[in-house]
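Peer 1: This structure is in structure tokens; I'll ask about it shortly.
The values are calculated or read from the model by the stated rules, or taken from the named source; none is laboratory data. For clarity, every value in this text was computed on a predicted model and none was experimentally measured. Every residue, glycine among them, receives a Cβ derived from its backbone with ideal geometry; neighbour counts consider all protein chains shown. Ligands, DNA and RNA are excluded from the accessible area calculation, which covers all protein heavy atoms including side chains. Shrake-Rupley method; radii C 1.70, N 1.55, O 1.52, S 1.80 Å.
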Amino acid sequence: MPLTKRLSAEFIGTLWLVLGGCGSAVLAAAYPNLGIGFAGVSLAFGLTVLTMAFAIGHISGCHLNPAVTFGLWAGKRFPANEILPYVIAQVLGAISGAGLLYVIASGKAGFSLAGGFASNGFDTHSPGGYSALAGFVAEVVMTFFFLIVILGATHKLAPKGFAPIAIGLCLTLIHLITIPVTNTSVNPARSTGPAIFVGGWAISQLWLFWVAPILGALLAGVVYSWMVGDDEKSEPAAEKEEAAEESA
């Protein structure tokens with residue numbers, strides 16, 4: 001698949017993730033009487049990934065997340081020379097999704113970005129008042145397990161056709177755990193989109209939501225690659241090694 005088409009898929013997919021996930025938080029989480037709450041927002045984020053995984057997984061791999069791209073590279077599943085283009089497409093998609101959400105949300109009288117616009121934060125900007133250290137640890141650990149699930153569910157020996165379900169449910173679970181801590185990122189692009197519009201504190205705290213998720217993803221890629229060992233090698237490569245050993 002040409003790189004331009006894969007980047008377009010990443011752009012559209014990440015736009016959908018931010019519009020659907022952050023949109024549920026901004027528009028529906030606390031809606032009078034019928035608000036979906038944290039559980040609803042968690043499910044919305046999971047559904048955006050699940051639906052897009054089925055829709056564009058065969059085109060771009062459906063990363064939708066710079067941390068996923070870095071994690072797949074560390075797990076020997078993605079080429080280094082395509083990391084930057086993928087990340088740029090994801091960030092642009094996230095900003096576009098946040099822009100569409102802003103247009104919709106600002107159509108209601110009394111709307112204000114002071115509510116946070118689903119931005120990620122810590123200390124006074126954490127929904128539960130959690131510290132930067134707590135937020136950093138949560139983001140590293142949750143992204144680590146997110147990538148473990150992604151790498152495992154998409155492994156050649158995993159049950160076929162079920163990866164999007166496992167990945168979507170994993171992201172839902174992560175949100176159920178960490179929305180009170182950081183408003184849940186595990187995705188630098190998702191964090192960047194809303195932060196661009198909020199500015200100020202959201203931009204100044206954005207570093208944590210780039211560093212922690214990417215660190216967690218890199219660790220997961222290395223650990224998972226070590227756990228599967230030779231099973232991760234392609235069949236042709238494994239066959240060549242076996243032939244070489246037999247001839248020696």
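Peer 1: Considering the stretch 1-39 alone, what residues qualify as being among the small types (G, A, S) and surrounded by fewer than 17 Cβ atoms within 10 Å (Cβ to Cβ)? Spell out how you get there, then give the answer.
Peer 2: Of the stretch 1-39, the ones among the small types (G, A, S) are 8-9, 13, 20-21, 23-25, 28-30, 35, 37, 39.
Selection gives S8, A28, A30, G35, G37, A39.
Peer 1: Taking the condition surrounded by 21 or more Cβ atoms within 10 Å (Cβ to Cβ) and farther than 19 Å from T184 by Cα, does G61 pass?
Peer 2: So G61 passes the test.
Peer 1: Picking from A237, A243, which residue would you name as being more than 24 Å from F136 (Cβ to Cβ), of a type outside the set (F, W, Y) and either open to solvent by 50 Å² or more (accessible area, probe 1.4 Å) or at pLDDT 95 or above (or both)?
Peer 2: A243
Peer 1: Here's another thing I want to ask about it. Answer yes or no: is there a residue in the stretch 175-185 that is within 21 Å of G57 (Cα to Cα) and aliphatic (A, V, I, L, M).
Peer 2: There is no residue in the stretch 175-185 that is within 21 Å of G57 (Cα to Cα) and aliphatic (A, V, I, L, M).
Peer 1: Output the residues belonging to the stretch 148-159 that are in a loop (DSSP other than H, G, I, E, B) and within 13 Å of G57 (Cα to Cα).
Peer 2: Selection gives T154 alone.
Peer 1: Follow-up question, since we're still on this one. Is at least one residue of the stretch 89-96 open to solvent by 40 Å² or more (accessible area, probe 1.4 Å) and under 27 Å from V223 (Cα atoms)?
Peer 2: No: the stretch 89-96 contains no residue that is open to solvent by 40 Å² or more (accessible area, probe 1.4 Å) and under 27 Å from V223 (Cα atoms).
Peer 1: Might you check whether a residue that is part of a loop (DSSP other than H, G, I, E, B), more than 26 Å from L72 (Cβ to Cβ), modelled with pLDDT under 95 and open to solvent by 60 Å² or more (accessible area, probe 1.4 Å) occurs anywhere in the stretch 124-138?
Peer 2: Among the residues of the stretch 124-138, not one is part of a loop (DSSP other than H, G, I, E, B), more than 26 Å from L72 (Cβ to Cβ), modelled with pLDDT under 95 and open to solvent by 60 Å² or more (accessible area, probe 1.4 Å), which makes the answer no.
Peer 1: On to the next question. What pairs come up if the first residue lies in the stretch 28-45 and is over 18 Å from F111 (Cβ atoms), the second is open to solvent by less than 90 Å² (accessible area, probe 1.4 Å) and charged (D, E, K, R), and their beta carbons are under 9 Å apart, counting only those six or more places apart or on different chains?
Peer 2: Every condition considered, the pairs that remain are F45/R190.
Peer 1: Considering only the stretch 70-87, state which residues are in contact (Cβ under 8 Å) with a residue 60 or more places away in the chain and not small (G, A, S).
Peer 2: Scanning the stretch 70-87 gives F70, L72, W73, K76, R77, E82, P85, Y86, V87.
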